[in-house]
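Before any comments, here is the structure.
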Amino acid sequence: MSMSTDPTPSRSSATPTELDGKLVVGWKEWVSLPDLGVPRLMAKFDTGARSSALHVPRAQVIEIDGRAHVNFDLDTDAPDAGGLLRHTAPLLDLRRVKSSSGHAEQRLTIHTTLSFAGLQWQIELTLTDRSDMKLPMLVGRSAMHSRLIIDPSRSFLAGRRVRKPSQKSR
């Protein structure tokens with residue numbers, strides 16, 4: 001599962017609208033995590049999940065200046081990163097999270113900035129292996145709180161990925 005490092009997605013003709021002061025978005029959208037150096041990745045907006053989660057194949061708790069931090073790899077398709085970007089962030093918490101299948105696990109949790117549809121805000125993000133999932137990130141209710149309304153019949157209301165021309169079309 002890789003996270004694209006292409007330029008910012010373009011705005012589509014299906015620009016998100018507002019309802020009761022909240023942005024209406026699709027169940028699947030392009031987001032970025034600027035604090036982590038991730039300019040874009042596809043995320044599922046899931047009202048059934050409380051916590052947000054990011055696919056992290058490896059993570060390790062380390063100590064820096066007497067405080068717990070998380071050292072982790074992000075899978076990316078950036079050619080100069082060799083497929084993985086290494087990050088270190090302060091550890092916020094170790095949380096018990098129950099998956100939709102009922103399996104409970106302890107997850108490392110960090111604070112980071114979510115950037116989406118021209119907005120930015122701080123979220124709590126759990127780090128976990130999502131390799132069995134279709135999308136590398138899940139945005140849960142706590143991150144959406146008072147900001148978004150999800151239209152489950154739509155996707156990419158905030159813009160589609162800008163595709164590079166293929167070699168065949170040249």
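The values are calculated or read from the model by the stated rules, or taken from the named source; none is laboratory data. Keep in mind that this is a model prediction, so the values were computed, not measured. Note that each Cβ is placed from the backbone with ideal geometry, even for glycine, and that neighbours are counted across all protein chains shown.
Numerical summary
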| item | result |
| --- | --- |
| Hits in the range 97-120 - residues which are among the polar types (S, T, N, Q) and either within 17 Å of A59 (Cα to Cα) or part of a strand (DSSP E or B) (or both) | Q106, T109, T112, T113, S115, Q120 |
| Wholly within the range 1-96, strands (runs of 3 or more DSSP E) carrying at least 3 residues that are of a type in the set (A, V, I, L, M, F, W, C), at pLDDT below 90 and more than 14 Å from T112 (Cβ to Cβ) | none |
| Some residue of the range 121-131 being in a loop (DSSP other than H, G, I, E, B) and surrounded by 18 or more Cβ atoms within 10 Å (Cβ to Cβ) | yes |
| Residue that is nearest to the chain's Cα centre (by Cα) [pool: residues in the range 93-151 that are more than 15 Å from A49 (Cα to Cα) and aliphatic (A, V, I, L, M)] | L114 |
| Pairs, first loosely packed, with under 13 Cβ neighbours inside 10 Å in the range 86-103, second part of a loop (DSSP other than H, G, I, E, B), C-beta under 8 Å, six or more apart | S100/G48; S100/A49 |
